[in-house]
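See below for the structure under consideration.
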């Protein structure tokens, strides 16, 4: 188990670790394997951190499929450990990312927009990482905000990290 201090530790390139919430045990029977909340819409900055985090405990990611909506650019190759190819499909929902590993496994992630309120983002990532989740990625943000008043107080990112945000 990692501590809050370990989660706040910057990566070798000086950036904080990705805001990523994964199921404890991956399963092919779930809709999503977790959620990711990038800090910006720059794929060259955000995607390498995600790939490095996903590679930590499993077979390396070799291909990432995502929709171009919501991203500043659409590079096919980004400098990251190993050879990772990025495929941009216009039909792919903006809130969904598939990462294909070299062993054939696939990780399906909800992508929470960077400007999402922290409480909403945390709730969406937690729902996406639940093994019993039946809500599809494009509908998760709506599901977590349904019936809730709009957030009024900004929540510091450091409080998210200290309250259980983890890899």
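The values are calculated or read from the model by the stated rules, or taken from the named source; none is laboratory data. Predicted, not measured: the structure shown is a model, and the values here were computed from it. Virtual Cβ from ideal backbone geometry, glycine too; neighbours counted across all protein chains shown.
Please specify each residue of the stretch 20-63 satisfying the condition of being in contact with a helix residue (DSSP H, G or I) (Cβ under 7 Å, 6 or more places away or on another chain) and either crowded, with 16+ Cβ neighbours inside 10 Å or under 19 Å from residue 85 (Cα atoms) (or both).
20, 21, 32, 34, 35, 36, 37, 38, 61
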* Structure fact -> The condition from (1) assigned to a strand (DSSP E or B); (2) without any contact (Cβ under 8 Å) to a residue 40 or more places away in the chain; (3) within 22 Å of residue 17 (Cβ to Cβ) that residue 44 misses is numbered (1)
* Would a scan of the stretch 85-99 turn up a residue that is in contact with a helix residue (DSSP H, G or I) (Cβ under 7 Å, 6 or more places away or on another chain), modelled with pLDDT of 90 or more, surrounded by fewer than 18 Cβ atoms within 10 Å (Cβ to Cβ) and in a loop (DSSP other than H, G, I, E, B)? -> no
* **Neighbours by Cβ (under 6 Å, 6+ apart or cross-chain): first from the stretch 16-30, closer than 18 Å to residue 111 by Cα; second exposed (fewer than 10 other Cβ atoms within 10 Å of the Cβ) and at pLDDT below 70** => 16/10
* Structure fact -> Note on the stretch 130-162: residues at pLDDT below 55 and either surrounded by 15 or more Cβ atoms within 10 Å (Cβ to Cβ) or under 21 Å from residue 32 (Cα atoms) (or both) are 155, 157, 160, 161
